[in-house]
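The values are calculated or read from the model by the stated rules, or taken from the named source; none is laboratory data. Bear in mind that the values here come from a model prediction, so they are computed numbers and not experimental data. Note: ideal-geometry Cβ built from the backbone for every residue, glycine included; neighbour counts use all protein chains shown.
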Amino acid sequence: MKQRIITGVILGIVALLAIIFLPTMAFALLLFLVAMIGLNEWSNLLKLASFPKKIYLGVGGITLLTVTIVLIAGAKSTVMDHATLARFVMGNPIIYGLLIVMALFWLGMPFLLSIHSRKPLALLINREFLFVVSILSLAALVITLVTLQQGLILLFYLILLIIIADSSAYFVGRKFGKRKLAPTISPGKTIEGALGGLVIGVIFSLIAITSFAGGEMPLLTGNGSQWILTLNFVSLSALVVIVSISGDLFESVVKRHAGMKDSGNILPGHGGVLDRIDALTAAAPLFFVGLKFI
């Protein structure tokens, strides 16, 4: 536990400094490197032989590098046009289309997992399916985080929402958990823990949007009713929490099928990179796309 806490603190500090101080190009390149580590961990989860692994890493690496270059180019063009990177991303049919596809994919994941917990779905452990999903998920994560860095408060909110919901689910589950959420997937998770994480996540959402409703850095801007804006934002946040839980469970399905406890061992006490970003990977594209409908 001590090692886990130390690693967590160091990761938190590094992430905070990177988000605040790195320019868009450097931040995008950093996320590209993180995503490549995640890609390598996925290749191990997929149990790929030498040649298929090279193909997988090649296809995935080219995809992630292309996305990173497009984002960097977009950031430079928006500076010249006095626009935002978010507008550039939403105006790019391929980039934004990818985010919409992944947002819908993760939105449907809780339903797929509820079926899988009763009767295993071959799709969720299909190698070809995971080949595509893993690459697109990491690409969508890079796009979302780089774009949200320009709207700093939204990126901080998303990360804090997931951390608070996840931590709350853990502690509520340990204290009050009795009924298993998905015993065949992740025996440690409970329904009480998940509900606790959801409720506390919603409370945090209400506090955040109330506290940052005005001022120089409002959490959201809009021309409609503040009440409707708040309701929509809190509803989106609740969906994001639910999807973040399913992101964690989805990785658990893959790890269980691969016979692995963790996706890697690069982070002492935490396992691999994928073990740390699974919830964020699922939640980020849904959050970004959902903001457009608030």
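All of (1) within 24 Å of I143 (Cα to Cα); (2) of a type in the set (D, E); (3) surrounded by fewer than 22 Cβ atoms within 10 Å (Cβ to Cβ) hold for D262 with one exception: (1). Scanning the range 246-261 turns up no residue that is closer than 30 Å to I6 by Cβ, at pLDDT below 90, assigned to a strand (DSSP E or B) and not aliphatic (A, V, I, L, M). Within the range 225-258, being more than 18 Å from G188 (Cα to Cα), touching a residue at least 12 places away in the same chain (Cβ under 8 Å) and over 17 Å from the mean Cα position of the chain (by Cα) holds for Q226, L229, T230, N232, F233, V234, A258. Residue check: is I94 at pLDDT 95 or above and either at negative phi or outside any helix (DSSP H, G or I) (or both)? So I94 fits the description; yes.
What tally of residues in the range 132-166 results from selecting those that are in contact (Cβ under 8 Å) with a residue 12 or more places away in the chain, in a helix (DSSP H, G or I) and farther than 17 Å from T66 by Cβ? Steps first, answer last, please.
Of the range 132-166, the ones in contact (Cβ under 8 Å) with a residue 12 or more places away in the chain are 133-162, 164-166.
The next check asks that each one be in a helix (DSSP H, G or I); those that pass are 133-149, 152-162, 164-166.
Okay, now just the ones that are also farther than 17 Å from T66 by Cβ, so 133, 148-149, 152-162, 164-166.
Count: 17.
You will find that of T24, T68, T84, the residue that is polar (S, T, N, Q), in contact (Cβ under 8 Å) with a residue 40 or more places away in the chain and farther than 22 Å from Y157 by Cβ is T68 and no other. The numbered conditions (1) touching a residue at least 40 places away in the same chain (Cβ under 8 Å); (2) not in a helix (DSSP H, G or I) are all true for G188 except (1). With respect to the stated conditions, L123 is at pLDDT below 95 and under 30 Å from G188 (Cα atoms).
Among the residues of the range 167-180 satisfying the criterion of being touching a helix residue (DSSP H, G or I) at 6+ places or on another chain (Cβ under 7 Å) and assigned to a helix (DSSP H, G or I), which is farthest from M25 (Cα to Cα)?
Kept after step one, since they are touching a helix residue (DSSP H, G or I) at 6+ places or on another chain (Cβ under 7 Å), are these residues of the range 167-180: 168-170, 172-173, 176-179.
Then drop every residue that is not assigned to a helix (DSSP H, G or I), which leaves 168-170, 172-173, 176.
Details: S168: 34, A169: 35, Y170: 36, V172: 40, G173: 40, F176: 45 Å.
Applying the filter and picking the extreme gives F176.
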